[in-house]
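K.L.:
Please find one structure pasted underneath; my questions will follow.
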Amino acid sequence: MVRECIAADGSISMLAYRRPSGYLLRFPGSADFDVDREADVVTAVPACDAAPERIEVLFQNQVLPLIASLEGRLVLHASAVALDGVAVAFLGSSGRGKSTLAASFAAAGLPFLAEDSFEVDFRDGSCRAFPSALGPRLWADSAAAVLGAAPDADAEVKARHSSCGALPHCERPLPLAMLYLLGDGSADAPLITPVARGAAVPELIAHSFIMDGGDRRILAAHFAALARLADGVACARLDFPREYESLEAVRTAIVVHAGQPRLAA
Amino acid sequence: MARAVGTETVLLDLASGTYFGLDEVGTRVWELLQEGKALGDVCAAMASEFEAPPDEIESDVLELARNLLDRRLIQRA
């Protein structure tokens, strides 16, 4: 085994195994993905009761980013929105509110770029964020609060919300201007504190995709890319009370901090 | 391997996959060590560059060197 991911509730969310032809990715209760690097083929074997949409989300948001890491590409576990020609990203583990925050921006007319993960590259000395293929997925209560949608009876399933197609979606890469690390929600009001660039690197490691950290070549390339990212893009901690009514104040704090105060109106 | 990030440096031990961050002052110590300087020479150089008591500088440099050694990010000559 080359990797084990633990979810916030302590359960195992993913296991990765190295195989002669590639890797096996196991998402307990959902699916196995056989990544055959020699044949350049990924085969999904869903659990018998796994919904097809769940398999697609796993493929887009987990499997593809992990495969990208094998090719030296950098994918962040983050949502992102477009603010007047630049991207700002929200990094955090599952449940920290990445999707809700991005959808909140989109509902306010500021396009979302990515819901759960996005690739970055470096060109001409700047870092670009690429749009994700999937639209925002929200828990039923978040969709109801942020989008004004009718609550879903099945609140346990985080599904791509049907009304999200109407939200503005930026479909071109944008310069990445700011990285926000989402806190645990203990702040009484929106609170943004800068993170030193060197200290940001370990944080970014925790919020980026790497299939095989045991492979020194891959690890070295991943580390170099994250150091370059931290060197070129400012990082800050962002915490705010997890109350839907506070989202407008959070958006205002972010656009002012990110240097786009005219978008606060 | 080491990468400069702003005025700081982040080190990665490829064998263990652990990371170690150095602030601006630690980065200068790292640079001097990378030049092959002995610890005594590093302390002397730091004392000439930073306004702090020599014994304090020596203590800080030795502690950092021990940390780096423990993490196998540097080796004894």
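Bear in mind these aren't lab numbers, they're just calculated from the coordinates by the rules spelled out. Just so you know, these numbers come straight off a predicted model, no measurement behind them. So basically every Cβ, Gly included, is an ideal-geometry build from the backbone, and we count neighbours across all protein chains shown.
K.L.:
How many percent of all Cα-Cα pairs in segment B:24-77 sit more than 15 Å apart?
P.N.:
39 percent
K.L.:
Assuming R0 = 41 Å, what is the FRET efficiency of B:Ser48 and A:Gln60, from their Cβ-Cβ distance, to the nearest 0.05?
P.N.:
Result of the calculation: an efficiency of 0.15.
K.L.:
What FRET efficiency do you get for B:Arg66 and A:Cys5 if R0 is 45 Å and r is their Cβ-Cβ distance, rounded to the nearest 0.05?
P.N.:
0.85
K.L.:
What is the magnitude of the charge dipole of the protein assembly as shown about its Cα centre, with +1 placed on the Cβ of each Lys and Arg, -1 on the Cβ of each Asp and Glu, and no other charges, expressed in debye to the nearest 20?
P.N.:
So the magnitude is around 700 debye.
K.L.:
Using a basic spin-label model with each label point 7 Å from the Cα along Cα→Cβ, how many nm lie between B:Glu35 and A:Glu243?
P.N.:
Simple spin-label model gives 5.7 nm for this pair.
K.L.:
Ignoring GluC sites (Glu not before Pro) that are buried or in helix or strand per DSSP, and keeping those with at most 11 other beta carbon atoms within 10 Å, what is the longest stretch of chain B between them?
P.N.:
After excluding every exposed loop site, the longest remaining stretch is B:1-34.
K.L.:
Please average, across the residues of B:6-15, the number of beta carbons from any other chain that are within 10 Å of each residue's own beta carbon, and give a whole number.
P.N.:
Partner Cβ neighbours, averaged per residue: 6.
K.L.:
Starting from 0 in steps of 10 Å, tell me what percent of the Cα-Cα pairs of segment A:73-142 lands in each bin.
P.N.:
Calculated over all Cα pairs of segment A:73-142, the distribution is 22, 54, 21, 3, 0 percent.
K.L.:
Answer with one residue from B:Gly21, B:Gly40, B:Ala77: the one whose Cα lies farthest towards the positive end of the charge dipole of chain B, charges on Cβ with Lys, Arg +1 and Asp, Glu -1.
P.N.:
Value: B:Ala77.
K.L.:
Further question on the same structure: Do any trypsin sites (Lys or Arg not before Pro) in chain B lie in a loop, going by DSSP, with at most 13 other beta-carbon atoms within 10 Å of their beta carbon, and if so which? Intermediate values should be presented prior to the final figure.
P.N.:
On the way: sites: B:Arg3, B:Arg28, B:Lys37, B:Arg66, B:Arg71, B:Arg72, B:Arg76; in loops: B:Lys37, B:Arg71, B:Arg72, B:Arg76.
Hits after loop and neighbour filter: B:Arg72, B:Arg76.
K.L.:
Using Cα springs under 10 Å in a Gaussian network model of chain A, which residue among A:Pro131, A:Pro111, A:Pro202 shows the largest mean-square fluctuation?
P.N.:
Highest fluctuation of the listed residues: A:Pro202.
K.L.:
Taking 0.36 nm per residue of sequence separation and subtracting the Cα-Cα distance, how much length would be gained by fully extending the chain between A:Ile12 and A:Val256, in nm to one decimal?
P.N.:
Taking 0.36 nm per residue and subtracting the Cα distance, the gain is 84.0 nm.
K.L.:
What does the convex hull of the Cα atoms come to per residue for the protein assembly as shown, in Å³? Can you show the working numbers first?
P.N.:
Working: hull volume 58.0 nm³, N = 342.
Taking only Cα atoms, the protein assembly as shown has a hull volume of 170 Å³ per residue.
K.L.:
Semi-axes of the equivalent ellipsoid for segment A:3-73, please: Cα gyration tensor eigenvalues, times 5, square-rooted, ordered largest first, whole Å.
P.N.:
After diagonalising the Cα gyration tensor, the semi-axes are 19, 15, 12 Å.
K.L.:
Go ahead and set up a Gaussian network model of chain A, Cα springs under 10 Å, then flag whichever of A:Val41, A:Val88, A:Val233 fluctuates most.
P.N.:
Maximum fluctuation in the GNM of chain A, among the listed residues, is at A:Val41.
K.L.:
For segment A:75-264, rounded, prolate or oblate, judged on the Cα gyration tensor with a ≥ b ≥ c (square roots of eigenvalues), a/c < 1.5 rounded, else prolate if a/b > b/c?
P.N.:
prolate
K.L.:
Oh, and also: Rounded to the nearest 20 debye, what is the charge dipole size of segment B:24-77 about its Cα centre when +1 sits on each Lys and Arg Cβ and -1 on each Asp and Glu Cβ?
P.N.:
So the dipole magnitude of segment B:24-77 works out to roughly 440 debye.
K.L.:
If R₀ is 30 angstrom, what is the calculated FRET efficiency for the pair B:Ala4 and A:Arg172, using the beta carbon separation as r and rounding to 0.05?
P.N.:
Details: r = 31 Å, r/R0 = 1.04.
FRET efficiency, B:Ala4 to A:Arg172: 0.45.
K.L.:
Would you kindly state how much longer the chain becomes between A:Leu191 and A:Val41 on full extension, computed as 0.36 nm times their sequence separation minus their alpha carbon distance, in nm to one decimal? Can you show the working numbers first?
P.N.:
Values: separation 150, 0.36 × 150 = 54.00 nm, distance 4.49 nm.
This chain segment gains 49.5 nm when fully extended.
K.L.:
Would you work out the relative contact order for chain A, in percent, from Cα pairs under 8 angstrom that are 6 or more residues apart? Before the final figure, lay out each step's value.
P.N.:
Working: 532 pairs, mean separation 47.4, N = 265.
Normalised by residue count, the contact order of chain A is 18 percent.
K.L.:
To the nearest 20 debye, what charge dipole does segment A:27-103 have about its Cα centre, counting +1 at the Cβ of each Lys and Arg and -1 at the Cβ of each Asp and Glu?
P.N.:
The dipole of segment A:27-103 has a size of about 440 debye.
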